[in-house]
Amino acid sequence: MSKEGRYIQLQNLEDLVKIIAGSPTAFIHYLDFEKKHIYFVSVIFASGGSLTYYVKLDEKVDKKYITFNAVNGKIDYREAFAMDANVVYIPIIDVKTQNVLPLEILTESGVRT
C-alpha cells in the first residue's frame, strides 16, 4: 500500500458516524473551512498509509456529541455525556489547523469517483 493518504468523501454524516461506531476511533474531527463544515476521521495503517473519510455539510452540528444507538441504529446529537450501555458517544473535536486534508479536497465542490 502506498504511504500517501487516500480519501473517501461520504454522502452524509450518518455514514461517517456508522464507520466510527464500528471502529476503535472514538471521535470526529470538525473543521470550518470557507463556510463549509467538514467532518472527518483518519485511519492509519501499520504499513504507514492512511485513509480519511470525510463529509462536507452546509450547516454545523450544534452539539458536542454525536450518539449512535447500537441496538436500534438511531443517530442523535447531544450536548452532554450520559451513561447508556447501548449508546456510543462520539465527541466532535474542533480543529484549528490541520495537514490531513489537502487544499484540493477542502476547496472542491463536486464529487470525484
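For the reader, a short list of remarks on this structure follows.
- Listed by chain and number, the lysines whose C-alpha is less than 26 Å from the C-alpha of Lys35, apart from same-chain residues fewer than 8 away, are Lys18, Lys56, Lys60, Lys63, Lys64, Lys96.
- Over 16 Å [Cα-Cα, the stretch 6-47], rounded percent: 41
- Listed values (i) 14.4, 41; (ii) 12.6, 39; (iii) 13.3, 43 include one computed from this model; for Rg and Dmax of the Cα atoms in Å that value carries the label (i).
- Calculated [θ] (222 nm, deg cm²/dmol) that DSSP helices of n ≥ 4 give over the chain, each run adding -39,500 (n - 2.57): -3000 deg cm²/dmol
Rule-based calculations on the coordinates, nothing more; no lab input. Since this is a predicted model, take the numbers as computed values, not measurements.
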